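Worksheet: one structure, shown below.
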Amino acid sequence: MSDNFTHNEKLLKIFAGIRCLNKDQLPRYLEGRLTDIEKHLVEQHLVDCDLCYEALQSLQKEGQMEQYQTLSAGIQQYIRDSIKPVSQLQKMERYIRKSKKRESLLIYFWVVAFIAGGGAGLYLMQEYNRNKPVMARPAALPIVPAAAMSTTPPPDSARHQEASLADKSEIPVAAAPRKDTVKAAPPAPQKPAADSIVVTRAAPTPPAPKTEDSVKKPATAANTPKEEKEKDTPATTVAKTQAPPPATPPPAKPATSTAMDTDEFLYKAAMVYQQQGDLNEAISRYKRLTSNTGRVGELARYQLGICYREKKQNGRARRMFKEVVRMDGSMKQAAQQALDNL
Amino acid sequence: MYQQLRNLSDKELISRARKLKDREAEGVLLERYSHLLVAVCLPSFRNNPGTNPQTLFPSLLQRLSNSLKTQTIQKANEWIHQTIKSYFANPEKQVPYYPSRDARDQLHTENRVEKAATNTIEKQALIAQVQKALSGLSTEDRFLVEQFYLENQTFTGLAAQKGYTTEKVRQLLKKAKSRLAMQLTNQTYVR
Ligand SMILES: [Zn+2]
């Protein structure tokens, strides 16, 4: 491929469709915390997008960042609450009640087990801990909305009631204990801390919070299992005590939330390298995206196939295209075609 | 389900929300842009203390939700931006959104570029067309476009070089780009 060609190919970058900035990119751009390539992609997008450009200008003004974080967490929660169909909520409620019962039975069982035999109990506890994630997670997940629901009106009336009833501080509270509200999570610690988000974030992640919980009673016998137990079910703790502590989950959550957007961004970045003819860099970047099981992972594999084909590594290219075909997604046909032509 | 919807493009979400009346798809779409909506609205709380987020956001979202079902949306960012603007201009009246000519031309060209990514012949043709369109720009516009897209210069870098504000650099690039998109769109129809 001649230099001239790759240079020309760069011209198509002008019309690369690039997504709007995500929730973290706005502050990161303003604070100069983007990598060069990411920054360039952002600016390419800003050329077109009045929405993002205006958002940045507005955030540039002093003291807006905190309000931005709080309100965007609130609005996300609001959207989720208002789209949830009623039937699903009811199903959820029933499930919560059931799993709560199961939970208390479990605890009762362990109280008995501990009284019965010290050493044997400890052994069983280890067993229990090993099995815990499987048993606890389904229980922990749906329990959380219970707490959210207690502060939020049902979805039907949500639009109207929330508008008039909910005060500003209520939104983050509702947002806090939700397990699935990934993005809404960061401001959660704000309520108890009543401080700026920056302060809460900067604080070292605390160990599992020690809140009063029925789990404590049996746990006096063995300390380590207790801590692990609480760590495993922070959501349950929150739901029971109704006081969301600045627990471990919030700092962990943003990672999963942005993973999607970040992957897409990384994909675009890899594409830039590919378009510029730097196949090796592009390949190494696409490879990192193959762990993504969604559309980005599929596209990355497809592009890997293209890169390998360009490098005349037909065996590898074939393998990639085959994987794409196996994923049975939107690129299946294109991959099959590429395979046929190889 | 929610997680799967998050992987969909705006276009797919819009079509699900419209055709299948999929509320979750609508929610994912609105959520995707909610932080930008918040950021753009922030000055209104400052400039107008009577504005309350608890009323503003629900009514804005309602308006977006209404128009999502009735209007043709090509670029979600433009749709949201225009809806916010028209809301502040007249909070009582819902003005329908129409995609701008600019947005249509750009989208058209973006789609062509995306398709050409796997088709060498089409790609070559497209590159030739962009080159031709580029040569029709003024010297300054062409300089900016080339420095920005080909040499990876930043807004601030170009601003310093030209003695402009970054705002002006962005404006010039935006105009130059829409001129290019318009020419490319016209070229395809003429062909
Ligand atoms: Zn944008």
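The values are calculated or read from the model by the stated rules, or taken from the named source; none is laboratory data. What you see is a predicted model; the values in this text were computed from it and never measured. Positions of Cβ are backbone-derived with ideal geometry, glycine not excepted, and every protein chain shown enters the neighbour counts. Please note that ligands, DNA and RNA were not included when accessible areas were found on the heavy atoms of the full protein model with its side chains. Shrake-Rupley method; radii C 1.70, N 1.55, O 1.52, S 1.80 Å.
Observations on the structure shown:
- Every test in (1) modelled with pLDDT of 95 or more; (2) more than 7 Å from chain B (Cβ to nearest Cβ); (3) in a loop (DSSP other than H, G, I, E, B) is passed by A:Ile18 save one, and that test is (1).
- When the residues of the range B:4-13 are filtered to those that are modelled with pLDDT of 90 or more and open to solvent by 10 Å² or more (accessible area, probe 1.4 Å), the one that is farthest from B:Asn66 (Cα to Cα) is B:Asn7.
- Any chance B:Arg101 is under 23 Å from A:Leu46 (Cα atoms) and more than 9 Å from chain A (Cβ to nearest Cβ): yes
- Residues in the range B:117-141 that are open to solvent by 30 Å² or more (accessible area, probe 1.4 Å), under 29 Å from A:Glu310 (Cα atoms) and part of a helix (DSSP H, G or I): B:Thr120, B:Ile121, B:Glu122, B:Lys123, B:Gln124, B:Ala125, B:Ala128, B:Gln131, B:Lys132.
- When B:Phe88 is tested against (1) open to solvent by 50 Å² or more (accessible area, probe 1.4 Å); (2) touching a helix residue (DSSP H, G or I) at 6+ places or on another chain (Cβ under 6 Å); (3) among the aromatic types (Phe, Trp, Tyr), only condition (2) is not met.
- Of all residues in the range A:49-81, exactly one satisfies the criterion of being among the charged types (D, E, K, R), free of Cβ contacts under 8 Å to residues at least 24 places away in the same chain and more than 8 Å from every other protein chain (Cβ to nearest Cβ), namely A:Glu62.
- Residue in the range A:5-22 that is surrounded by 17 or more Cβ atoms within 10 Å (Cβ to Cβ), within 16 Å of the ligand (Cβ to nearest atom), within 21 Å of B:Glu146 (Cβ to Cβ) and charged (D, E, K, R) present: no
- Evaluated against (1) more than 16 Å from the ligand (Cβ to nearest atom); (2) free of Cβ contacts under 8 Å to residues at least 24 places away in the same chain; (3) outside the structural domain of B:Gln161 (by TED's automatic domain parsing), B:Ala39 falls short on exactly one condition, (1).
- A single entry from B:Glu114, B:Glu78 fulfils the requirement of being open to solvent by less than 40 Å² (accessible area, probe 1.4 Å) and within 8 Å of chain A (Cβ to nearest Cβ): B:Glu78.
- Of the residues making up the range B:14-36, just one is at the interface with chain A (Cβ under 7 Å from one of its Cβ atoms), among the aliphatic types (A, V, I, L, M) and open to solvent by less than 10 Å² (accessible area, probe 1.4 Å), namely B:Leu36.
- Every condition in (1) more than 16 Å from the ligand (Cβ to nearest atom); (2) buried (at least 20 other Cβ atoms within 10 Å of the Cβ) holds for B:Phe45 except the one numbered (2).
- When each of A:Glu54, A:Glu43, A:Glu38 is tested for being open to solvent by less than 10 Å² (accessible area, probe 1.4 Å), within 15 Å of the ligand (Cβ to nearest atom), acidic (Asp, Glu) and part of a helix (DSSP H, G or I), the lone residue that passes is A:Glu43.
- Matching residues in the range B:119-139 - criterion: being within 27 Å of A:Asn341 (Cβ to Cβ) and of a type in the set (Gly, Ala, Ser): B:Ala125, B:Ala128
- Whichever residue in the range B:81-98 is touching a residue at least 12 places away in the same chain (Cβ under 8 Å) and more than 21 Å from A:Leu21 (Cβ to Cβ) and, among such residues, is farthest from the other protein chains (Cβ to nearest Cβ): B:Pro96
- Failed criterion for A:Ala335 (all others in (1) buried (at least 17 other Cβ atoms within 10 Å of the Cβ); (2) touching a Ser or Thr at 6+ places or on another chain (Cβ under 9 Å); (3) not basic (Lys, Arg) hold): (2)
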